[in-house]
Amino acid sequence: MDPYAWLDDLEDPTVRAHLEAETAYADEQTEHLRPLRERIVAEISSRTLQTDLSVPDYDLDTTGRAWWYFARTVEGQDYPSYRRAPAPSRDDVPDIERPIDGETLLLDLNAEAIGHEVFAVGDVDVSPSGDLLVWSCDTAGDELYRVRFRDLVSGEDLPDVLEDVASVCWIDDEHVAYTVPDESWRPYLLRRHTLGTPVAEDVDLLREDDERFWLSAGRSGDDRWLVVDSASKASSEVHLLDVSTPTASPVLVVPRAEGVEYSVEPAGEQLFVVHNAAHRDFELAVTAARPGAWAEWETLLPGEDGVRLLDVTAYVDHLVVHLRRDGLPRVMVLDRPAGTARLVGATAELQSVAAADQHYLADRLRLHRESYVEPATVLEIPWDGGGERVLKRHPVLPDPEGRPFRTEDYVQRRLWARGDDGVEVPVSVVSHRDTTWPAPCVLYGYGAYETSLDPGFSVVRLSLLDRGVVVAYAHVRGGGELGRAWYEQGRLRSKPTTFSDFVAVGRHLVDTGVAIPGRLAARGASAGGLTVGAAVNLAPDLFCAVQVGVGFLDPLTAMLAEDLPLTVTERDEWGDPVADPDAFATISAYSPYGNVGSGPYPDVLATAALHDQRVAASEPAKWVAALRDRDGASGQVLLRVEMGGHQGATGRYQAWRDEAYELAWLLDRLGLAESAGPPRHSAT
C-alpha cells in the first residue's frame, strides 16, 4: 500500500502546486532564522578568497607547444573562466597572485550562463593539437548536455552542436567520441562525430545492451589510445581504440566476467591493469600493449586484505597508485620498470592525500593534501621522494570581524564505535579546541557504493565548529573506508548493517560524552539520506533533528519501477525486488518511507530537487507526508524543493545560501540560534 503514490507524478499540476506550497511553508516556518542565514553566508563569503586562480597545470600539445592551463574566479561571479598561457619552462610555475604573460581566455562560464536559471558545465577539453576546445553544459538540471566546439586560434565557435549527450572527449583533432543516454538515463551508446559533418552521419562505435552497464570513454595519458569502459556495480570490461586510426572500431581487452572488475592504463608498450580477479581488494598487473597479449596479466602489486587499490596513473618512468590504507586515501609511487613501491605525501594521521594527473612526460609528482582542520595544499615532489615544493596553500581569510583562521584552533580525532555484531566502526570527529565535550553534535553519514567520507577541509563547517558544535562522520559499512569487505557488509541483503552502524555510532557519541543527550542531530544526502532516514526509524529518540538532502527515501518503489531512470543499474547495489523475494523483504523492511513508526520523532528538514534524475522529488515529499501522518506526531517536519538537479545549486553564491539555510535550521534545532551575531568561538 502506498497512500501517497499520487506524489510520484511530478508532471501533475496538483503535485507541482503541493511542492510549491511545501517550500513556501518551510520558508515561512524558518523566517525567524533569516538573520542567522545571512550571517552564515557572510562568514562563508568573508573566509573565501573569491577572486582566485587555480594552480596552473602543465601540458604539451602534439605540435610541441607547452602550456599552462588554469581557471580564474572573480568576486561577484558564480562560475570560473578557463584560461591558458605559454609555458616557457616546467619549473617556472606562474605566480598565481600576478598577471600571467600571454594569458588567453578559453571559456567564460559566466557569459555562457547568462539567461539560464540552471547552468552546469560537463566536459571541458582541449584538442591534442591545442587549437580546438570541446565543452558541454546542462541548462535544465537533468544531466543531459549540449556539446559545442570553439576554434582557439580565431576564437570563433564552430557550427557543430551535439544534443542530449552524457559525456564527450577527443579521439584526434578531427573526431570526438561521445556517449548517448537511453530512456533510463544510462549512457549506452558510444558514437563518433567528425567535425564539419552533419550529426546524422555520426557513426556508432559501441553499444551496451545490458541495462546494468554504463559506457564512458577518454584518451589515455600516453595519447595513444581511446579507453572505453563498460561497467556495472559489480563487473566491467574495457575496449581500446588506437587514436592513430580514429575511424576504426574499438577492440576488447578481456571479456567481462560476473563479479570481476578491471580498469586499464596504457603506457607506451605496456598496459597496467587494476583488477579483483585474484583478490577482492584488487591488485595491480601489467601486460604488453598488444591485442594478442592483453589477457596475459603479470602481477606487480598483489592484493592485501583491507588495503584497497583504487586506480593507477602511468607516467613515462613511474606509476602512481591511489589506494586506501587504514581507512585513509594514500598515494604510492612505483618506478618503471617494476621497482620499489613507496607511500608518499602523508604528514598526519587523519589526512587525505591524492595525486593530480599531469602530462605523461612529467618529471615530478603533484600532490593534494588536506584534513578536517588543514586547508588543501598543492605541492610537488621529485619522483625520488626528495623535498617538497609548495605551490599553493588554499587560503582561509578572516571572519567578518577580521579574526584570522588558525589550524591550531581546531582538533580532529578518530574514535571507534562497536556495531551490533561487535565490529568496530570508525568515526571521525572535529571540533573547536575550546569546545567542551559533551556538546551539541551533528553526525553525518553516507554508506553506499563503496564511497568513503575522507578527511577534507570545509570553510562552511567552520560556522558550526565556531558555535560549539561537534561535527562527526560515521564511516559505516556500505562505504569503502576499510576495503571491499567493508562495502560488501553494507550492500544488498546486508544493507541493514549500514543503518545499525549509524545508530551505534550515534549512541557511542552520547555514551562516551562527545554529544549531549537530546542534542544530537543527523545529516545525510542522497544515499546518505536513506542511511539517516532508516536510522531514525530504528532509533527515533536518539536524534533531536535530522536534515536530509535529496534523500533516497522510497527505495522499494524506485527498485520496483523498471521504467525509472537508473533502476536496473541500481539493483546491483540494492537488490531486485521484482525477481528476488528476499530482496523485496529486505528493502521493504528498511525503507524510511515504508517504516515510519508511531512514537515521537525528531524534527525534520528535507530538501529535494525538481529536476533530479537520480532521486525523484517525490521521495522526500512522500516521506514528509508519512511523518506528518503518523500517530504520535511531534516536532517540526519541513520540505523545501529547489530548482536544478541532484547536485544542488550550480552557482557558488546560491550554493552558499542553500547551505546556510540548512545550517541555520540545524543550529536552531540544537539550541544555538539565539543570536545571529559572531559565534562564541573565534580565532584570536
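What follows draws every value from the coordinates through simple rules; no lab data is involved. As the structure is a prediction and not an experimental result, all values here were calculated from the model. All Cβ positions, glycine included, derive from the backbone under ideal geometry; neighbour counts span all protein chains shown.
What are the ³J(HN,Hα) couplings of region 455-472, residue after residue, when phi is run through the Karplus curve with 6.51, -1.76, 1.60 and θ = phi - 60°? Round to Hz, x for glycine and proline.
Values, residue by residue: x, x, 7, 9, 5, 4, 4, 4, 5, 7, 4, 6, 9, x, 8, 8, 10, 10 Hz.
Starting from the amide H of residue 456, placed 1.01 Å from N in the peptide plane, find each other amide H under 5 Å away whose residue is 5 or more places distant or on another chain.
372
Roughly how big is the chain's charge dipole about its Cα centre, with Cβ charges of +1 (Lys, Arg) and -1 (Asp, Glu), in debye to the nearest 20? Walk me through the numbers on the way to the answer.
On the way: 63 positive and 114 negative charges, 509 e Å.
Dipole magnitude for the chain comes out near 2440 debye.
Lys/Arg Cβ at +1, Asp/Glu Cβ at -1, dipole of the chain taken about the Cα centre: which of 287, 96, 673 is farthest positive-ward?
673
Placing +1 on the Cβ of each Lys and Arg and -1 on the Cβ of each Asp and Glu in region 261-394, which of 339, 328, 371 has its Cα farthest towards the positive end of the resulting dipole?
It is 371.
Using Cβ counts within 10 Å as a stand-in for footprinting exposure, how do 124, 624 rank, fewest first?
Working: 124 17, 624 24.
So the ranking, lowest neighbour count to highest, is 124, 624.
Which far-off residues, 5 or more places away or on another chain, put their amide H under 5 Å from the one on residue 446, with H placed in the peptide plane?
Under 5 Å from the amide H of residue 446 lie the amide H atoms of 476, each far enough along the sequence or on another chain.
Would you give the gap between the C-alpha center of region 1-49 and the C-alpha center of region 364-405, rounded to a whole Å?
36 Å
Can you work out the FRET efficiency for the pair residue 415 and residue 154, with r the C-beta to C-beta distance and R0 = 60 Å, to the nearest 0.05?
On the way: r = 59 Å, r/R0 = 0.98.
The calculated FRET efficiency here is 0.55.
May I ask you to sort 1, 332, 559 by Cβ crowding, counting other Cβ atoms within 10 Å and putting the fewest first? It would help to have the intermediate numbers written out before the result.
Working: 1 4, 332 21, 559 24.
Result, fewest neighbours first: 1, 332, 559.
Between residue 257 and residue 407, what length in nm is gained on full extension when 0.36 nm per residue of separation is reduced by their alpha carbon distance? Intermediate values should be presented prior to the final figure.
On the way: separation 150, 0.36 × 150 = 54.00 nm, distance 4.83 nm.
Difference between extended and current length: 49.2 nm.
Could you pull out every one of the lysines with an alpha carbon less than 23 Å from that of residue 495, ignoring same-chain neighbours closer than 8 positions?
Partners found: 233, 622.
For labels at residue 34 and residue 572 in the simple 7 Å Cα→Cβ model, what's the distance in nm?
4.9 nm
For region 337-381, state what percent of all Cα-Cα pairs lands in each successive 10 Å bin, counting from 0 Å until the bin that includes the largest distance.
Result, from short to long distances: 25, 49, 23, 4 percent.
Summarise the long-distance tail of P(r) for region 7-54 by giving the % of C-alpha pairs beyond 13 Å. List each step's numbers first, then the result.
Details: 789 of 1128 pairs.
The share of Cα pairs beyond 13 Å in region 7-54 comes to 70 percent.
Once you compute Rg and the Kirkwood Rh from C-alpha atoms, what is the Rg to Rh ratio for region 43-201? All intermediate terms of the calculation are to be shown ahead of the outcome.
On the way: Rg = 17.1 Å, Rh = 17.2 Å.
Rounded to two decimals, Rg/Rh equals 0.99.
Roughly speaking, what is the centre-to-centre gap between region 70-84 and region 93-163 when only Cα atoms are used, to the nearest Å?
So the separation of the two Cα centres works out to 11 Å.
Read phi for every residue in region 299-309 and hand back ³J(HN,Hα) as whole Hz from Karplus 6.51 cos²θ - 1.76 cosθ + 1.60, θ = phi - 60°, with x for Gly and Pro.
Result, ordered by residue: 5, 9, 10, x, x, 9, 4, x, 10, 8, 7 Hz.
Efficiency by 1/(1 + (r/R0)^6): what FRET value for residue 247 and residue 199, r their Cβ-Cβ distance, R0 = 22 Å, to the nearest 0.05?
Working: r = 17 Å, r/R0 = 0.75.
Computed FRET efficiency for residue 247 and residue 199 comes out at 0.85.
Could you check the simple spin-label distance between residue 326 and residue 356, using points 7 Å along Cα→Cβ, in nm with one decimal?
That separation, rounded to one decimal, is 2.7 nm.
What Rg and what Dmax come out for region 164-245 when only alpha-carbon atoms are used, in angstroms?
Both quantities, over Cα of region 164-245: 12.5, 39 Å.
Percent of alpha carbon pairs in region 392-485 separated by more than 17 Å? Each step should come with its number before you reach the end.
Numbers: 2458 of 4371 pairs.
Tail of the P(r) past 17 Å holds 56 percent of the pairs.
Evaluated at 4 °C with a viscosity of 1.567 mPa s, what Stokes-Einstein diffusion coefficient in µm²/s does region 1-137 have when Rh comes from the Kirkwood expression over alpha-carbon pairs? All intermediate terms of the calculation are to be shown ahead of the outcome.
Working: Rh = 19.3 Å.
Calculated translational D: 67 µm²/s.
With the calculation restricted to Cα positions, what are the radius of gyration and Dmax of region 261-394 in angstrom?
For region 261-394, the Cα-based Rg and Dmax read 15.2, 50 Å.
Going by amide H atoms built from the backbone, whose H comes under 5 Å of the H on residue 270, apart from near neighbours?
For residue 270, the qualifying residues are 289.
Using only Cα atoms, figure out Rg for region 95-173 and give it as a multiple of 2.2 N^0.38 Å. Write down the numbers at each step before the final one.
Values: Rg = 13.8 Å, N = 79, 2.2 N^0.38 = 11.6 Å.
With N residues counted in region 95-173, Rg over 2.2 N^0.38 Å equals 1.19.
What's the extension gain from residue 50 to residue 680 if we count 0.36 nm per residue and subtract their Cα-Cα distance?
On the way: separation 630, 0.36 × 630 = 226.80 nm, distance 2.54 nm.
Here the answer is 224.3 nm.
Equivalent-ellipsoid semi-axes (√(5λ), Cα gyration tensor) for the chain, whole Å, largest first?
Working: eigenvalues 308, 178, 150 Å².
Each semi-axis is √(5λ); the values are 39, 30, 27 Å.
Modelled label-to-label distance, residue 183 and residue 21, 7 Å Cα→beta-carbon offset: nm?
In this crude label model, residue 183 to residue 21 measures out at 3.3 nm.
Once R0 is set to 45 Å, what does the formula 1/(1 + (r/R0)^6) return for the Cβ-Cβ distance between residue 146 and residue 296, expressed as a FRET efficiency to the nearest 0.05?
On the way: r = 43 Å, r/R0 = 0.95.
With a Förster radius of 45 Å, E is 0.55.
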